[in-house]
């Protein structure tokens, strides 16, 4: 690998463009998982979707996205991170175009599945490119903080943008807006982002492992989303979860005993940072997705807010996430290391959910939701940016895509699983004839949700600490060079 020294200004500009490309790509993926929610009714009316089919406008994306994340992350390591980024982006953009012009339910649902596939390839690549491009510790912390703010805040912002776009334009534009953005991002990607991959890797794909883990994740997530409507005791839910778990068990056996080039080398979990970070990520996404779900129901069905008002009410939470993840968290990480920041953020998230559990049916946004929204946003911002740093600590460049896929998968599955639990709690109270049962349901759900960040805080304690001397040494070292034997830039 040949290297050259770039002027500081030129190098800074290139890094800024790389960060922009990765954040826009991640924002597109996260946004499309949430922006559709507020447009379901006009989609149903326009395409004449049956009520039991409507949920698949969301589920088709979620299930495929979750299923292919690990494979998508590993492909980036083996075949080039920029190349895989571009393939995922192209598929996502094309599928968005088809979804936006769909004239029947079948076309829309197939295109949503293809969007999920493109997103599963694209999302891990965005994080992998950042991991392999940024080497200075402070610069990496800020880059990961920005990326994490986009990943965590995109869901909340999606509710606002979905309401605005649907009300002022058409539901079709929640998909069509991805087309010009995707084209511009492709041009930026091909001109500003360097290519890198493991040149010495065996490029054979663990096809059996890929089928097992993809099928297993899809079956598990399918069972979870079906539980929303059919219940946990339905045959569909039980069989799907049983099949999914069986496939995942077989996947672990295959990786440990039979695979010559494992898709997921199990030795990666010997890294305490990786294991702890994925547990934290699992619980953090559960808390965030749960709050977005509960906020939407509470504001629309208890407080009587419309789609646009609901979207605007998410602004304090979104701004809290972005401000903390982009500004405060990187400085704290650089000073104290990821462990105390991770634990503090989890505790703040838990405190805000306990606060929300005291919500009452005749309250309002300012009196009941504004304060805990800000605290929750700050906590989530600290955790989301720090968990990425912790999860990639001491990970070789050759496994950057693998770890990125794991982090994305734990976030996706955690959100889907625990959302269904909270939905069941609220539904149980809402269907009761007891006066005030609905408000009691939300209070109980928020109280249960507070357990998620508590588990995250405990897992965060397992993250290895970093001494002030080690942090200072890392800052003084400046940039750790990539091993010439494992990466190549073009």
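All of the numbers you see were taken from the coordinates with simple rules; none came from a lab. Fair warning: this is a prediction, and the values are worked out from it, not measured in the lab. FYI the Cβ positions are ideal-geometry reconstructions off the backbone, even for glycines, and counts take in every protein chain you see.
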**Diffusion constant of the range 206-262 at 20 °C, which comes from Stokes-Einstein with the Kirkwood Cα-pair radius and 1.002 mPa s, µm²/s** = 186
**Request:** Between residue 366 and residue 45, with labels modelled 7 Å along Cα→Cβ, what's the label distance in nm to one decimal, could you check?
**Result:** 3.2
**Asked** So if we plug the beta-carbon distance of residue 167 and residue 101 into 1/(1 + (r/R0)^6) with R0 = 25 Å, what FRET efficiency do we get, rounded to 0.05?
**Response** 0.75
**Asked** In nm, to one decimal, how far is the modelled label at residue 270 from the one at residue 239, with both set 7 Å along Cα→Cβ?
**Response** 4.2
